[in-house]
C-alpha cells in the first residue's frame, strides 16, 4: 500500500469511528470495513445520487456537504442510511453536492457480509437504528 493510500485508509478508519452508525465497533471491524470503501469526489452542484437510483451502497460524506433540498448531509453523515436495508428502494430526490465534497461508499453485499460474519457489528447497527427511531418519537 502506497503512503498516500495508507493515509487515506487511516482517514477512512477515523471517519467510520466518528460516524454514528459505525461508532463503537472494534478497531479490527473498522479496519475491515475501511478496506472495502470506495471514494468518489464531486464538484459543487454535481449530482451525487440521481432521483430514482436504486440504493445499492451505503454512502458517507467524508468531506464537504450535500443536500436533497429537504435535508443536508455533512462530514460523517450516512446518506439515507436506512434505505440500504429496504429492498428495491430508490432515492426520491436528487442528492446534490452543496460544495466540493468527497463521499465514500460501501457496497450493500460487503455490508451484509460484514453483518453476517460479525454479529457484534449487526447488534451495533440495531442499537443505532433503535436510537434513531427513539429520537424521532
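Taken together, the values in this text are just the output of simple stated rules run on the coordinates, not laboratory data. Since we're looking at a predicted model, the values are computed, not measured. Using ideal geometry, Cβ is built from the backbone for each residue, glycine included, and neighbour counts are taken over all protein chains shown.
Using R₀ = 30 Å, calculate the FRET efficiency as 1/(1 + (r/R₀)^6) where r is the Cβ-Cβ separation of residue 18 and residue 88; round to 0.05.
Values: r = 31 Å, r/R0 = 1.03.
The pair residue 18/residue 88 has a calculated efficiency of 0.45.
When only C-alpha pairs under 8 Å and at least 6 residues apart count, what is the relative contact order of the chain, in percent? Could you put the intermediate results ahead of the total?
Values: 219 pairs, mean separation 40.7, N = 137.
Taking the mean separation of contacting Cα pairs over the length of the chain, I get 30 percent.
Run lengths n ≥ 4 of DSSP H only: what is the helix-derived mean residue ellipticity at 222 nm for the chain, with -39500 (n - 2.57) per run over all residues, to the nearest 500? Could you put the intermediate results ahead of the total?
On the way: 4 runs with 52 residues, N = 137.
Result for the chain, helices only: -12000 deg cm²/dmol.
With label points built 7 Å along Cα→Cβ from the Cα atoms of residue 39 and residue 51, find their separation and express it in nm.
The two pseudo-label positions are separated by 3.2 nm.
Could you give the length gained by full extension between residue 5 and residue 28, i.e. 0.36 nm per residue of separation minus their alpha carbon distance, to one decimal place? Could the numbers behind the result be given before it?
Details: separation 23, 0.36 × 23 = 8.28 nm, distance 1.81 nm.
Gain on extension, residue 5 to residue 28, equals 6.5 nm.
Once you have the Cα-Cα distance between residue 122 and residue 63, take 0.36 nm times their residue separation minus that, and quote the gain in nm to one decimal. Mind dumping the intermediate values first?
Values: separation 59, 0.36 × 59 = 21.24 nm, distance 2.63 nm.
Length difference between fully extended and current span is 18.6 nm.
For the stretch 1-79, what does the relative contact order come out to in percent, with C-alpha contacts under 8 Å and a separation of six or more?
On the way: 59 pairs, mean separation 21.0, N = 79.
Value for the stretch 1-79: 27 percent.
Once you place label points 7 Å from the Cα toward the Cβ at residue 113 and residue 75, how far apart are they in nm?
Modelled inter-label distance: 3.1 nm.
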